[in-house]
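The values are calculated or read from the model by the stated rules, or taken from the named source; none is laboratory data. What you are looking at is a predicted structure, and each value in this text was computed from that prediction instead of being measured. Here the Cβ positions follow ideal geometry from the backbone for every residue, glycine too, while neighbour counts run over all protein chains shown.
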Amino acid sequence: MQAEAVAGRYANALFESITDPAQRESTQRVLTAVAAALQSPTGPRTLILNPFYSAQQREAALLKLIDLVSTEQPCPPMTRRFLQLLLRKNRLNAIQAVNAGYGRLLDEAQDRLSITVSTARPLDEAAQRALRARLEQLLQRPVGVTHQVDSSLLGGARLQLGSRLIDGTIRGQLDRVRRQTLGISA
């Protein structure tokens, strides 16, 4: 809980420091891409988050990663400095929570419904776009979707809309069948 609070403060500080709506959107894309890249146990995480390497080597690797994920649209300078700060303060391992917090703030500012989707494996870009479009169609309003990978899931997806949880995971389905079989109410 304390780590989430710290990540929330970092996300809020970044959000408040960027006032241009286009740069806020660009920042969200960069944070999401960096968070996804650092999630993989064999990716750049092995260099960037490894204290075995010098601070200069880790920072050079982070800057290279930022450049790689910013090929379509340049990374705002404030976002680049923010990610460097997270690395220097040994907080880059909380990038998932920072990204989620930043996404919620951006959604609130744009009057979008914030939804967190947890899946067993990362969704590709096409699947993410299709999911967002389907959710917007069902809810009849703009949505901001934050994607998380939860290795404890067997399959399916779990959606969090504020305090409401929609569990479409295999584990959730098996639990519902078990409760029905045993006559236990939820």
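Show me the strands (runs of 3 or more DSSP E) entirely contained within the range 99-186 in which 1 or more residues are modelled with pLDDT under 85 and within 15 Å of the chain's Cα centre (by Cα). It would help to see each step written out before you state the result.
Values: elements: 113-119, 143-149, 156-161, 164-169.
By residue number, 113-119, 143-149, 156-161.
Residue 146 passes every criterion in (1) surrounded by 18 or more Cβ atoms within 10 Å (Cβ to Cβ); (2) hydroxyl-bearing (Ser, Thr, Tyr); (3) over 24 Å from residue 40 (Cβ atoms) apart from (3). If you go through the range 1-30 and pick out every residue that is in a helix (DSSP H, G or I) and within 13 Å of residue 105 (Cα to Cα), you end up with 16.
List the number of the failed condition for residue 145; all other conditions in (1) without any contact (Cβ under 8 Å) to a residue 12 or more places away in the chain; (2) closer than 24 Å to residue 109 by Cβ; (3) β-branched (Val, Ile, Thr) hold. Answer for residue 145: the failing condition is (1). Within the range 115-128, can one find any residue that is farther than 22 Å from residue 36 by Cβ, outside the structural domain of residue 86 (by TED's automatic domain parsing) and in contact with a helix residue (DSSP H, G or I) (Cβ under 9 Å, 6 or more places away or on another chain)? Looking through the range 115-128, none of the residues is farther than 22 Å from residue 36 by Cβ, outside the structural domain of residue 86 (by TED's automatic domain parsing) and in contact with a helix residue (DSSP H, G or I) (Cβ under 9 Å, 6 or more places away or on another chain). Restricted to the range 8-42, and to residues there that are hydroxyl-bearing (Ser, Thr, Tyr) and closer than 24 Å to residue 125 by Cβ, the residue that is surrounded by the fewest Cβ atoms within 10 Å (Cβ to Cβ) is 42.
Output yes when any residue across the range 98-117 is without any contact (Cβ under 8 Å) to a residue 12 or more places away in the chain and closer than 24 Å to residue 45 by Cβ, and no when none is. No, every residue in the range 98-117 fails to be without any contact (Cβ under 8 Å) to a residue 12 or more places away in the chain and closer than 24 Å to residue 45 by Cβ. Counting the residues of the range 1-30 that are hydroxyl-bearing (Ser, Thr, Tyr) and free of Cβ contacts under 8 Å to residues at least 24 places away in the same chain gives 1.
If we scan the range 31-42, do we find a residue that is in contact with a Lys or Arg (Cβ under 7 Å, 6 or more places away or on another chain), assigned to a helix (DSSP H, G or I) and in contact (Cβ under 8 Å) with a residue 12 or more places away in the chain?
Residues of the range 31-42 in contact with a Lys or Arg (Cβ under 7 Å, 6 or more places away or on another chain): 38.
Going one step further and asking which of them are assigned to a helix (DSSP H, G or I), we end up with 38.
Next, only the ones that are in contact (Cβ under 8 Å) with a residue 12 or more places away in the chain stay: 38.
Yes, that holds for at least one residue.
Residue under question is residue 90, and the condition is that it be closer than 19 Å to residue 11 by Cα, assigned to a loop (DSSP other than H, G, I, E, B) and either of a type in the set (S, T, N, Q) or without any contact (Cβ under 8 Å) to a residue 40 or more places away in the chain (or both); does it hold? Steps first, please.
Working: closer than 19 Å to residue 11 by Cα: yes; assigned to a loop (DSSP other than H, G, I, E, B): yes; either of a type in the set (S, T, N, Q) or without any contact (Cβ under 8 Å) to a residue 40 or more places away in the chain (or both): yes.
So residue 90 fits the description; yes.
In the range 43-75, the residue that is nearest to residue 101 (Cα to Cα) out of those that are in contact (Cβ under 8 Å) with a residue 12 or more places away in the chain and part of a loop (DSSP other than H, G, I, E, B) is 75.
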